[in-house]
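S.K.: Okay, here's the structure, questions in a sec.
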Amino acid sequence: MRIELDQPDARELFWEGLRDVAYAAARHQDQALFQAIVKIGRAGMAQGIEVVSSNGLFLQCPICAALPGQHCINVPSHPLGDRACHPERVELAAKALSGEAPLPPPLR
Ligand SMILES: [Zn+2]
């Protein structure tokens, strides 16, 4: 399969692949896979791949406590709308992967 690096959905594909790894890591509670997510995510961001809203799925949500691989749930004062993740969770994932914040569980 030939990959066009400038194809418009390359960014989504990249994170979708990592999300699949996150599902497997959460299902098997596999720390090595979580560490692989950090490595791949950091390398991707270093190459200029921007975060997308599914990034938050890699870690536990600080707002609703959804576990890695689980979508967020509505909680009072933090409505989800049509998003899969709370914005705070996405922001935390972006900061953790870029090194701006310490890695939260289970990425640590
Ligand atoms: Zn949440």
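S.K.: Report the calculated FRET efficiency for ILE73 and GLN47 (r = Cβ-Cβ distance, R0 = 35 Å), to the nearest 0.05.
M.R.: Working: r = 33 Å, r/R0 = 0.94.
That gives a FRET efficiency of 0.60.
S.K.: Below 8 Å, C-alpha to C-alpha, sequence gap of six or more: please give me the relative contact order for the chain in percent.
M.R.: Dividing the mean separation by the residue count of the chain yields 26 percent.
S.K.: Using the Karplus curve 6.51 cos²θ - 1.76 cosθ + 1.60 with θ = phi - 60°, what ³J(HN,Hα) values do you get for each residue of region 76-93, in whole Hz, with x for Gly and Pro?
M.R.: Coupling constants for region 76-93: x, 6, 9, x, 8, x, 9, 7, 7, 9, 5, x, 5, 6, 5, 5, 4, 5 Hz.
S.K.: Moving to a separate point now. Mind listing the phi-derived Karplus ³J(HN,Hα) values for region 29-38, rounded to whole Hz, using 6.51, -1.76 and 1.60 with θ = phi - 60°, and x for any glycine or proline?
M.R.: Listing the rounded values in order: 6, 9, 5, 5, 5, 4, 5, 5, 4, 4 Hz.
S.K.: Another question about this same structure. Which angle between 0 and 90 degrees, to the nearest 10, do you get for helix 10-28 versus the longest principal axis of the chain when only C-alpha atoms count?
M.R.: Between helix and principal axis, roughly 60 degrees.
S.K.: What list of ³J(HN,Hα) values in whole Hz, one per residue of region 58-70 in order, does the Karplus curve 6.51 cos²θ - 1.76 cosθ + 1.60 (θ = phi - 60°) give from phi, with Gly and Pro shown as x?
M.R.: 6, 9, 6, 6, x, 9, 10, 6, 4, 7, x, x, 8
S.K.: Loop-only check: which GluC sites (Glu not before Pro) in region 11-108 are DSSP coil with at most 11 other Cβ within 10 angstrom? The partial results should precede the final answer.
M.R.: Details: sites: GLU12, GLU16, GLU50, GLU88, GLU91, GLU100; in loops: GLU50, GLU100.
Filter output for region 11-108: GLU50, GLU100.
S.K.: List the residues, sorted by chain then number, that are 5 or more residues from VAL75 or on another chain and whose placed amide H is less than 5 Å from its amide H.
M.R.: Those lying under 5 Å, H to H, from VAL75 are LEU80.
S.K.: I would also like to ask the following. Work out the length of the dipole vector of region 10-108 about its Cα centre, built from +1 on the beta-carbon of each Lys and Arg and -1 on the beta-carbon of each Asp and Glu, and round it to the nearest 20 debye. Mind showing how you got there, number by number?
M.R.: Values: 9 positive and 9 negative charges, 44 e Å.
With only Lys, Arg, Asp and Glu charged at Cβ, the dipole is about 200 debye.
S.K.: Another question, then. Where is the GNM fluctuation largest for the chain (alpha-carbon springs, 10 angstrom cutoff): ARG89, ARG11, ARG19?
M.R.: In this elastic network of the chain, the residue with the biggest mean-square fluctuation among ARG89, ARG11, ARG19 is ARG11.
A short reminder: the numbers here are calculations on the coordinates, not readings from a lab. These figures come from a predicted structure and were not determined experimentally. Here the Cβ is made from the backbone with ideal geometry for all residues, glycine too, and neighbour counts use every protein chain on show.
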